[in-house]
Amino acid sequence: MGFLTQISILMLFFVVKVLGQDYEDDYHEYEEEYEEESPVVHLPTFSFMRIAEYGEIYHAYSYECASECFCPSTIPFAMYCDNRKLKVIPYIPAHIRFLYLQFNEIEAVTSKSFVNATGLREINLSYNKIRSSQIDRGVFAKLNNLKALHLQYNKLEEFPSPLPKSLERLILGFNKISKIPGDALANLVNVTMLDLCNNELTDSAFKGRVLGKMKRLMQINLCSNKLKAMPSDLPTSLLYLSLENNSISSIPEGYFTKTPKLTALRMSHNILQEVPYNVFNLSSLIELNLGNNRLTRIFYVSRSLEHLYLQNNDFESMNITLMCPTINPINPNQLTYLRIDQNKLKGPLSTYAYLCFPRIQSIYYGEQKKVQTEVTVTEVYTIHEVAVFPEEE
Ligand SMILES: *[C@@H]1O[C@H](CO)[C@@H](O)[C@H](O)[C@H]1NC(C)=O
Ligand SMILES: *[C@@H]1O[C@H](CO)[C@@H](O)[C@H](O)[C@H]1NC(C)=O
Ligand SMILES: *[C@@H]1O[C@H](CO)[C@@H](O)[C@H](O)[C@H]1NC(C)=O
Ligand SMILES: *[C@@H]1O[C@H](CO)[C@@H](O)[C@H](O)[C@H]1NC(C)=O
Ligand SMILES: *[C@@H]1O[C@H](CO)[C@@H](O)[C@H](O)[C@H]1NC(C)=O
Ligand SMILES: *[C@@H]1O[C@H](CO)[C@@H](O)[C@H](O)[C@H]1NC(C)=O
């Protein structure tokens, strides 16, 4: 589905953009230090670490590997156990840093397997059959070097707390999570990316200041849940908020004053009817997706905004003066793309739009919804128009 593809592309973009830096730095060092001995290895991960640190350990333990798994000699700290129909997690040797267990039939996470694996940096347990009740309490919390935990596509009903403070990326999409214990997120001070899309979260999951303590959180994905309201208490560090495909009907006045750095907001496929006029007046906002809602009234468009998606709403007119009350040639509006198809517009936008938005490259007007009255169909307009303007010099 186009919508899902968009999400995943954006997610990928963000992961690469936000986290790429770490990986590149570490990778670079690896290359410099080991240019002669080792071929350059392209790991399927963005958090490869400095090999030098572990040189000694490598010599001592490099032969140890679970018999069910594969430990490539070129990637000394990784153990690959993916796609093997495993039902239990094998014993993890102490030197392992990267553990790949995705695509198996694992139902439980037992302390026994992890007893000596305190050096783990990254665990991929996605696409298994793990239920919350089958995770030994505290098994992850003891891994105090763990940076990334992938548990997407399992059968979790609850947030898998407690988790270690060292965690930076937590991927929990496509489970059945409906509960987040009150203190579960409070100690996750280093998490930059939290993915909880496609779960069963309701508004009560975020009651009582659970997110605000995550001081480094940059990206939170809450798409395809059961939220009816905007999550309360977002951290100031947030750059990207994904809330597509929930049942959110309004955004409180001044909601984003808590998140002044917000760069992208994705809220398509909700039931927004009206948003406060000033609510998106954010100096860093670049992308705003409000497609597939029920909006009828336009709002102020901040100067930084580049992409605005408003397709499939209920706009009958779009007052450009309200979107752009002043023209400032020194600090012009950055809007380059505007999508307004599938509304109830009765004619093309005012040409004032091109003065207000001098950078605009495309306004996608597409087809509009047919407007029906009780008695007859009146004034049905379908206008196909894709206006493409050459980029400014
Ligand atoms: C974890 O496994 C999933 C499923 O195969 C894969 O898409 C993802 O890239 C893996 N993550 C890492 C960091 O290897
Ligand atoms: C864990 O490490 C200790 C100390 O090296 C060792 O004695 C023990 O056998 C290991 N546990 C397992 C299950 O291999
Ligand atoms: C959090 O990250 C910082 C910087 O990367 C690091 O110095 C600190 O030790 C981390 N905190 C924990 C609890 O791992
Ligand atoms: C929207 O969310 C529902 C569950 O709330 C899910 O079943 C459906 O697949 C989602 N739709 C898309 C397009 O992701
Ligand atoms: C937007 O915010 C700026 C700075 O906070 C403020 O000066 C301006 O009046 C606001 N614009 C609108 C239309 O609210
Ligand atoms: C657009 O809104 C402005 C300010 O409220 C108003 O003065 C103007 O008449 C409106 N324009 C149209 C075409 O409705």
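Quick look at the numbers
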| item | result |
| --- | --- |
| Unmet requirement for Leu239, which otherwise passes all of (1) free of Cβ contacts under 8 Å to residues at least 60 places away in the same chain; (2) more than 25 Å from Lys142 (Cα to Cα) | (1) |
| Residue satisfying condition, being surrounded by 15 or more Cβ atoms within 10 Å (Cβ to Cβ), in contact (Cβ under 8 Å) with a residue 24 or more places away in the chain and not hydroxyl-bearing (Ser, Thr, Tyr), within set Lys207, Lys213 | Lys213 |
| Segments classed as strands (runs of 3 or more DSSP E), wholly inside the stretch 92-185, with at least 1 members that are of a type in the set (D, E, K, R) | 122-124, 169-171 |
| Matching residues in the stretch 102-121 - criterion: being within 16 Å of ligand 1 (Cβ to nearest atom) and touching a Lys or Arg at 6+ places or on another chain (Cβ under 9 Å) | Phe103, Asn104, Glu105, Ile106, Leu120, Arg121 |
| Considering residues of the stretch 61-83 that are of a type in the set (Gly, Ala, Ser) and outside any strand (DSSP E or B) only, the residue modelled with the lowest pLDDT | Ser62 |
| Search result, residues across the stretch 269-291 that are touching an Asp or Glu at 6+ places or on another chain (Cβ under 9 Å), more than 19 Å from Leu335 (Cα to Cα) and free of Cβ contacts under 8 Å to residues at least 60 places away in the same chain | Asn270, Gln273, Pro276 |
| Test: residue in the stretch 194-201 that is in a loop (DSSP other than H, G, I, E, B) and either within 16 Å of ligand 2 (Cβ to nearest atom) or modelled with pLDDT under 95 (or both) | no |
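Yes/no matrix, rows are residues, columns are (1) among the basic types (Lys, Arg); (2) within 16 Å of ligand 1 (Cβ to nearest atom); (3) farther than 18 Å from Leu170 by Cα:
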| residue | (1), (2), (3) |
| --- | --- |
| Ile123 | no, yes, no |
| Gln134 | no, no, yes |
| Asn144 | no, no, no |
| Leu151 | no, yes, no |
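For every residue, the table says whether it meets (1) of a type in the set (Ser, Thr, Tyr); (2) surrounded by 22 or more Cβ atoms within 10 Å (Cβ to Cβ); (3) out of contact with any strand residue (DSSP E or B) (no Cβ under 7 Å at 6 or more places or on another chain).
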| residue | (1), (2), (3) |
| --- | --- |
| Val88 | no, no, yes |
| Pro93 | no, no, yes |
| Gln102 | no, no, no |
| Thr118 | yes, no, yes |
| Tyr153 | yes, no, yes |
| Pro164 | no, no, yes |
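The values are calculated or read from the model by the stated rules, or taken from the named source; none is laboratory data. All values derive from a computational prediction rather than experimental measurement. Please note: Cβ atoms are built from the backbone with ideal geometry, for glycine as well, and neighbour counts cover all protein chains shown.
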